[in-house]
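Remarks on the structure that follows.
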Amino acid sequence: GLELSHCVGANSLGPAVPWRSGGPCKMKRVRTVFKPEQLERLEQEFLKQQYMVGTERVDLAATLHLTETQVKVWFQNRRIKWRKQSMEQKAAKLSQFGVIQPPTADSMDIKDHEEDTVDVEL
């Protein structure tokens, strides 16, 4: 499930920061580490359909012992990766034919794309 790290307070590395009016404590969400079996099943489902909604998402989450939010966010992030790969493949095909292409995401400042990765803090 979702785990939260300990409060960041005066005795820590940083100052205490209010977290959504929840008090003088900032809780940082620990990144979910998926098991290989979970990733394999998520990838299989993504190959069938890029959007997982409703009872399908609830059922998949229960089967994989994940929360519905974890499955939803995984699919959001996987769609972003899929779009990026599709654009890179298209650019590679164009370059084979000598077509000049716009700069790729790799050549642009990484900060411009940090918002692409979706994560949920609870």
Per-residue HN-Hα couplings for the range 40-51 [Karplus 6.51, -1.76, 1.60; θ = phi - 60°; Hz; x = Gly/Pro]:
4, 5, 4, 5, 4, 5, 5, 5, 6, 7, 7, 10
Could you list, in their original order, any pairs among 48/72; 48/84; 72/93; 35/93; 26/81 whose Cα atoms are separated by more than 24 Å?
72/93; 35/93; 26/81
How large is the accessible surface per residue of the range 36-94, computed with a 1.4 Å probe and reported in Å² as a whole number?
66
In whole percent, and with a 1.4 Å probe on the protein chains, what portion of the accessible area of the range 36-94 is carbon and sulfur?
56
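The values are calculated or read from the model by the stated rules, or taken from the named source; none is laboratory data. Remember, it's a predicted structure, so these values are computed and weren't measured experimentally. Please note that ligands, DNA and RNA were not included when accessible areas were found on the heavy atoms of the full protein model with its side chains. Shrake-Rupley method; radii C 1.70, N 1.55, O 1.52, S 1.80 Å.
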